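Undergrad: Below you will find the structure I want to go over with you.
The values are calculated or read from the model by the stated rules, or taken from the named source; none is laboratory data. No experiment lies behind these values; they were computed from the predicted model shown. Every residue, glycine as well, gets a Cβ built from its backbone with ideal geometry; the counts of neighbours run over all protein chains shown.
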Amino acid sequence: MGNHSDLGNSPEIPDQPKVDEPFSFGELAELAQAEQFLDSCSREQLEELKDALSGQTEVLKVLNSERGALFKRLKVADDGTVELYIPEPDEQFILAESGKAYAQDFLLADLPRLQQFASTIPPMTETTQLSICIPAAAFDERETIYQALSSFTTQTANPKSFEIVVFANNPITEAPNDRERAMGTILEVQRFQQEHPEMQTNLLVGECDRSFMTIGLVRKTLTDTVLLRALEKVQGDEDHIIVSCDADTCGVHRQFVENYINRFRDNPKTDAFSGMLDYDPRSYVNNPLVYVGSRVWMMLDAASRVYEKNILGPGANFAFRASSYAAVNGYIETPIAEDVNLRRKFIFLREGAEEFTPVQFAHASSRLFTSSRRSVRAVEAGYAPIEQWAIPETKFSETDEDIRVEAHRYIDCVDEQLSSPTFQQDLQNVINRTLAIKGCFGEKSNVPEAALERILTDRLGISFVRKGDNEVEITSIEGFLEHYREYQSKGLHNFARTTGLPPFT
């Protein structure tokens, strides 16, 4: 699905695009990765390009980049040429309008396939306000998908107010073992459907050409299918909420759905909410380095939200209005960082807005716990959990079965780590690698220096001295050892209280 045409090799994109001469689509393509060219333009420069690009039949091919998505097709002449416009920063979108335009402009070639795909599950019910979208690599999620679905069985929201849509996707293959593995995930979803008829759980099953199968394509296909179903249901100015989650979710706050529904209702001029992301507490109680690395990472994210107004949009817990998703032309079919791209699209959409806010934080009731399988592998290889998506040992791929299937079985490393003569140095390494990547401290940051002491000493019991803006030397871990033992005794019970699920054993 989607356009996978190659724009070809091209020279380096200039820092300051020229917009004082007419452009043809071909000239842009030769300058380009034309999408990169558009992404280097300011809103004012895009306004200047608008008229130059209008009247060209192939221009829509490059308009799903982060900034290119600001262009909207106003009308098409009989000869196929296009007239473009750019929405105002405070423009209010109506799903019935923006969704229809998105389907006509950007899903046209795929529309029959998406409509057929949508027809394989029941229509969206009138009471459904929110859809939880879970892409599942069918080869590799048989061990996690049932727990992911079970995470939503304890919600305070009426189960008729939300649905779960799982897209079990796998590369096209003739290998019998591969098909058997894929069926394992599908059967687990079907088992959940049978055991929880009170839940609106829908299963989409599809095969993808391996050369085209990226997480961006998979998440886009799933979300576009849900969008088309929402378009069939909405009336007037009604909207729909879409929440992006993952198949390795292991728990969510009991008010997760209710919180998102209420926040969108109470904030009609917000496009999206970023949820709180946490990791599997079983890894925390079994691995002190994973616990510290993850905790420092999340607390630095919190400091960045407060002092830098930097709100991330993790694909594992990101909610948005369907109308706004359509207005920015949906996901980009990238192999990684599709969640980052979508968040940036919302931010570009609202550049200069006085009334609208692109992304807000959804606070504690949006908390979602996800698998630590990559974090564990990262720590084993000498890295920090924050590096889990960027290193060879844990880098994302569609068939990394050893990580997806095996690594969530957390091994008790507590005695081994705490008794190691290098534990304090290992702890320092994890902290410093996290600090270096986040870069929260220094002249260019608004995060106060005292925040680091609150994180390491007040919250985790680690004494330290600074060696640089984003580097520390640990002087004592006695307080941490006491803190960690207390967490071990309470962590799993706190998880159960937050999620309403039975305690992990």
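Undergrad: Can residue 198 be described as modelled with pLDDT of 95 or more, among the charged types (D, E, K, R) and over 21 Å from residue 100 (Cα atoms)? Outline the logic, then answer.
TA: Working: modelled with pLDDT of 95 or more: yes; among the charged types (D, E, K, R): yes; over 21 Å from residue 100 (Cα atoms): yes.
Criteria met by residue 198.
Undergrad: Restricting the search to region 332-347, which residues are among the polar types (S, T, N, Q) and either closer than 24 Å to residue 284 by Cα or buried (at least 18 other Cβ atoms within 10 Å of the Cβ) (or both)? Spell out how you get there, then give the answer.
TA: So in region 332-347, the residues among the polar types (S, T, N, Q) come out as 334, 341.
Passing the criteria: only 341.
Undergrad: Listed residues 306, 296; which is farther than 30 Å from residue 231 by Cβ, of a type in the set (A, V, I, L, M, F, W, C), surrounded by 24 or more Cβ atoms within 10 Å (Cβ to Cβ) and at pLDDT 90 or above? Before you say what the answer is, go through the steps one by one.
TA: Details: 306 fails: surrounded by 24 or more Cβ atoms within 10 Å (Cβ to Cβ).
Step by step, each of 306, 296 is checked, and only 296 is farther than 30 Å from residue 231 by Cβ, of a type in the set (A, V, I, L, M, F, W, C), surrounded by 24 or more Cβ atoms within 10 Å (Cβ to Cβ) and at pLDDT 90 or above.
Undergrad: Let me ask something else about it. May I ask you to list the residues in region 427-452 that are of a type outside the set (Val, Ile, Thr) and either surrounded by fewer than 16 Cβ atoms within 10 Å (Cβ to Cβ) or not in a helix (DSSP H, G or I) (or both)? I'd like the intermediate steps shown before the answer.
TA: Keep residues of region 427-452 that are of a type outside the set (Val, Ile, Thr), which gives 427-429, 432-433, 435-436, 438-446, 448-452.
Passing the criteria: 436, 439, 440, 441, 442, 443, 444, 445, 446, 448, 449, 450.
Undergrad: Could you tell me which numbered condition residue 341 fails, if it satisfies all but one of (1) under 27 Å from residue 218 (Cβ atoms); (2) in contact with a strand residue (DSSP E or B) (Cβ under 6 Å, 6 or more places away or on another chain)?
TA: Only one criterion is unmet by residue 341, namely (2).
Undergrad: Only one of 105, 110 is farther than 24 Å from residue 248 by Cα and touching a Gly at 6+ places or on another chain (Cβ under 7 Å). Can you tell me which? Spell out how you get there, then give the answer.
TA: On the way: 105 fails: touching a Gly at 6+ places or on another chain (Cβ under 7 Å).
Exactly one residue qualifies, and that residue is 110.
Undergrad: Based on this model, can you work out whether residue 430 counts as hydrophobic (A, V, I, L, M, F, W, C), under 28 Å from residue 148 (Cβ atoms) and out of contact with any His (no Cβ under 6 Å at 6 or more places or on another chain)?
TA: Numbers: hydrophobic (A, V, I, L, M, F, W, C): yes; under 28 Å from residue 148 (Cβ atoms): yes; out of contact with any His (no Cβ under 6 Å at 6 or more places or on another chain): yes.
So residue 430 fits the description; yes.
Undergrad: For region 311-331, give me each residue that is closer than 23 Å to residue 248 by Cβ, buried (at least 24 other Cβ atoms within 10 Å of the Cβ) and among the aliphatic types (A, V, I, L, M).
TA: 319 - this is the single residue of region 311-331 that is closer than 23 Å to residue 248 by Cβ, buried (at least 24 other Cβ atoms within 10 Å of the Cβ) and among the aliphatic types (A, V, I, L, M).
Undergrad: Also, quick follow-up: Which one of these does residue 415 not meet: (1) closer than 27 Å to residue 310 by Cα; (2) out of contact with any Cys (no Cβ under 9 Å at 6 or more places or on another chain)?
TA: (1)
Undergrad: Let me ask another. Which residues, taken from region 456-482, are in contact (Cβ under 8 Å) with a residue 24 or more places away in the chain and either part of a helix (DSSP H, G or I) or of a type in the set (Val, Ile, Thr) (or both)?
TA: 456, 459, 462, 472, 474, 477, 480, 481
Undergrad: Going through region 440-455 one residue at a time, which ones are modelled with pLDDT of 90 or more and of a type in the set (Gly, Ala, Ser)?
TA: Hits for region 440-455 are 450, 451.
A quick yes/no check of all residues on (1) at pLDDT 90 or above; (2) crowded, with 22+ Cβ neighbours inside 10 Å:
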site: 103; (1), (2): no, no
site: 112; (1), (2): no, no
site: 136; (1), (2): yes, yes
site: 141; (1), (2): no, yes
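Undergrad: Which condition number does residue 467 fail, the rest of (1) of a type in the set (D, E, K, R); (2) farther than 29 Å from residue 365 by Cβ; (3) surrounded by 15 or more Cβ atoms within 10 Å (Cβ to Cβ) being met?
TA: All conditions pass for residue 467, except number (3).
Undergrad: Got a sec? Which strands (runs of 3 or more DSSP E) wholly within region 271-368 have at least 3 residues that are out of contact with any Pro (no Cβ under 8 Å at 6 or more places or on another chain)?
TA: On the way: elements: 277-279, 318-321, 357-361.
In region 271-368, the matching strands (runs of 3 or more DSSP E) lie at 318-321, 357-361.
Undergrad: Considering only residues of region 370-396 that are out of contact with any helix residue (DSSP H, G or I) (no Cβ under 7 Å at 6 or more places or on another chain) and buried (at least 24 other Cβ atoms within 10 Å of the Cβ), which is modelled with the lowest pLDDT?
TA: 371
Undergrad: In region 402-418, how many are surrounded by 14 or more Cβ atoms within 10 Å (Cβ to Cβ) and modelled with pLDDT under 90?
TA: Selection size over region 402-418: 6.
Undergrad: If only one of 491, 461, 500, 439 is within 26 Å of residue 414 (Cα to Cα) and under 31 Å from the mean Cα position of the chain (by Cα), which one is it?
TA: Values: 461 fails: under 31 Å from the mean Cα position of the chain (by Cα); 500 fails: within 26 Å of residue 414 (Cα to Cα); 439 fails: within 26 Å of residue 414 (Cα to Cα).
Selected residue: 491, the only one of 491, 461, 500, 439 that is within 26 Å of residue 414 (Cα to Cα) and under 31 Å from the mean Cα position of the chain (by Cα).
Undergrad: Answer yes if at least one residue in region 180-193 is crowded, with 19+ Cβ neighbours inside 10 Å, touching a Ser or Thr at 6+ places or on another chain (Cβ under 7 Å) and at pLDDT below 95, and no otherwise.
TA: Within region 180-193 (the criterion being crowded, with 19+ Cβ neighbours inside 10 Å, touching a Ser or Thr at 6+ places or on another chain (Cβ under 7 Å) and at pLDDT below 95), the answer is no, since none of the residues qualifies.
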